[in-house]
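K.L.:
First, the structure itself, so that you have it in front of you.
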Amino acid sequence: MYQVGKPVTGKNFFGREKEIELLTTYLKMGQSVVLVAPRRFGKTSLVMEVLNRMKEDDHYTAFIDVFTNPTLELLSSAITEEVLKNHKLHKQFIAAKNSASAMISNIKMKAVLDDFQFIIGFTENNKDEWELISESIDFVDTFTAKHHARIICAYDEFGDLNKFDPKGDLVKLFRSKIQQHQNSTYIFSGSYESVMQNMFVNSKSPFYRLARIMHLGYMENEPLKKHLLSGFKQLKLKVTEGFIDAIIQQTMAHPYYAQLAFQQAVLFNAIKSRLPDIDELMSQMTAAETDYLEKVWEDISNNREYVYTLRAIAENGKNVYSRLKSKNINIARASKKLQGMGILFKSEKNGYYISDPLLKRWINRNL
């Protein structure tokens with residue numbers, strides 16, 4: 001619980017059981033899924049936990065982070081490596097992929113090369129990277145078929161495919177391949193909701209209706225409360241249920257910020273030999289996240305409509321249209337765009353609200 005911001009699985013993973021049940025049920029049916037949420041909502045942790053559970057159910061698995069692979073060749077290599085992990089051949093692949101002779105002479109890899117010659121391409125300096133990515137996409141399914149298995153393949157930050165090819169040819173290539181796969185089921189996860197929805201919801205998109213869309217929201221209160229109480233108890237720090245309830249209320253059960261609250265409370269106690277009150281804790285959390293919050297605001301602040309809309313919603317999400325009528329801005333357009341960016345959520349009861357509780361606090365305190 002001390003580390004914040006890293007994916008967690010196994011005994012460190014908690015909550016999200018309803019999401020896991022729905023996601024694994026879809027996957028076992030052979031139904032691919034799109035998982036969408038703003039950053040820091042625990043998408044990667046959820047996907048990795050689901051993959052671990054599917055692996056225990058005798059499925060092959062693969063996890064590819066599109067964001068961390070800046071070139072098509074590296075992305076192709078990451079896909080191939082993840083598939084080979086299912087037969088513990090990834091280390092041989094990594095060690096030999098810069099040398100054709102080493103690849104060919106490796107006994108374990110040679111058995112694979114007899115059926116999948118494209119892998120030799122990773123040792124060639126002039127290999128066409130589009131040919132590599134094309135073969136790698138299919139390798140997910142063909143390698144699995146050869147071994148009479150099924151695979152769950154997850155592409156994290158899938159919306160980042162656009163960085164390779166703004167025209168959309170790469171997205172079309174993925175679709176043309178994946179729709180033919182018989183042994184593979186996919187999880188596509190992403191942080192920028194507008195990009196992901198344009199890929200899967202827009203009727204003109206190549207991925208239209210390929211997968212079920214799941215929106216990942218805040219955590220359920222009770223599992224989070226139990227987890228936080230357990231964490232403080234392990235450290236022999238006495239807290240009241242009221243203090244935990246206040247953390248959950250102030251963080252809106254946001255998975256990242258709930259963990260941050262625990263970390264910062266422990267840090268505060270180590271320095272001052274007492275636990276903070278909730279206002280002290282929220283102030284310390286905001287200070288710890290200042291650089292991130294300033295960067296988020298910097299990305300937004302070049303748009304006048306975004307600025308006025310967010311400031312109004314941070315103050316009160318209701319009656320935004322009437323309160324900003326005199327500003328001559330298109331609130332509907334700004335709100336829709338901000339929703340698409342994952343910055344705003346909307347509920348029938350409370351209207352618009354900012355998805356990041358610390359961003360709301362930062363705006364009210366600084367603007």
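K.L.:
Return the equivalent ellipsoid semi-axes of segment 291-366 as a descending list in whole Å, where each equals the square root of 5 times an eigenvalue of the C-alpha gyration tensor.
P.N.:
Semi-axes from the Cα gyration tensor: 18, 14, 12 Å.
K.L.:
Reported to two decimal places, what Rg/Rh ratio describes segment 32-120 when computed on Cα atoms with Rh from the Kirkwood expression?
P.N.:
We get a ratio of 1.04 for segment 32-120.
K.L.:
Here is a follow-up. Normalise the Cα radius of gyration of the chain by 2.2 N^0.38 Å (N = residues in it) and let me know the number.
P.N.:
Expressed relative to 2.2 N^0.38 Å, the Cα Rg reads 1.12.
K.L.:
Order by neighbour count: Asp65, Asp291, Asp277, Asp160, fewest other Cβ atoms within 10 Å first, most last.
P.N.:
Neighbour counts put them in this order, fewest first: Asp291, Asp277, Asp65, Asp160.
K.L.:
Given the rule -39500 (n - 2.57) for each run of at least 4 DSSP H residues, summed and divided by the residues of the chain, what is its mean residue ellipticity at 222 nm, to the nearest 500 deg cm²/dmol?
P.N.:
Value at 222 nm, helices only, nearest 500: -16000 deg cm²/dmol.
K.L.:
Segment 119-179: which GluC sites (Glu not before Pro) are DSSP loop and have at most 11 other beta-carbon atoms within 10 angstrom?
P.N.:
Counting only loop positions with at most 11 other Cβ atoms within 10 Å, the GluC sites (Glu not before Pro) in segment 119-179 are Glu124.
K.L.:
Hey, what angle do you get for helix 169-178 against the long axis of the chain, alpha-carbon based, 0 to 90 degrees rounded to 10?
P.N.:
70 degrees
K.L.:
Another one. By how many nm would the segment from Lys233 to Asn319 grow when fully extended, if each residue of separation counts as 0.36 nm and the alpha-carbon distance is taken off?
P.N.:
Full extension from Lys233 to Asn319 adds 26.6 nm.
K.L.:
Compute and list, largest first, the equivalent-ellipsoid semi-axes of segment 1-73 from the alpha carbon gyration tensor, each √(5λ) rounded to a whole angstrom.
P.N.:
20, 18, 13
K.L.:
If you line up the long axis of helix 241-251 against the longest principal axis of the chain, both from Cα atoms, how many degrees apart are they, to the nearest 10?
P.N.:
70 degrees
K.L.:
Send over the Kirkwood Rh of segment 221-288, from the inverse of the averaged 1/r over different Cα pairs, rounded to one decimal Å.
P.N.:
11.7 Å
K.L.:
Can you work out the FRET efficiency for the pair Thr25 and Ala332, with r the C-beta to C-beta distance and R0 = 25 Å, to the nearest 0.05?
P.N.:
So the FRET efficiency works out to roughly 0.10.
K.L.:
Something else: Would you list Ile271, Ile94, Ile133 from fewest to most Cβ contacts within 10 Å?
P.N.:
Ranked by crowding around the Cβ, least crowded first: Ile271, Ile94, Ile133.
K.L.:
Eigenvalues of the Cα gyration tensor times 5, then square-rooted: what semi-axes does that give for segment 1-150, in whole angstrom, largest first?
P.N.:
Calculated on Cα positions only, the semi-axes equal 31, 18, 15 Å.
K.L.:
Lys/Arg Cβ at +1, Asp/Glu Cβ at -1, dipole of the chain taken about the Cα centre: which of Ile313, His254, Tyr192 is farthest positive-ward?
P.N.:
Ile313
K.L.:
Counting only Cα atoms, I'd like the Rg/Rh figure for segment 258-318, Kirkwood definition for Rh.
P.N.:
Checking Rg against Rh, the ratio lands at 1.13.
K.L.:
Using a Förster distance of 35 Å, how high is the FRET efficiency between Lys108 and Trp130, based on the Cβ-Cβ distance and rounded to 0.05?
P.N.:
Given R0 = 35 Å and the Cβ-Cβ separation, E is 0.80.
K.L.:
Here is the link list: Lys43/Lys346; Lys18/Lys167; Lys226/Lys318. Which ones come out longer than 27 Å on Cα distance?
P.N.:
Pairs exceeding 27 Å: Lys18/Lys167; Lys226/Lys318.
No lab work stands behind these numbers, since they all come straight from the coordinates. This structure is a prediction, so every number in the text was calculated from the model and none was measured. Because the Cβ atoms are built from the backbone with ideal geometry, glycine has one as well, and the counts that use them run over all protein chains shown.
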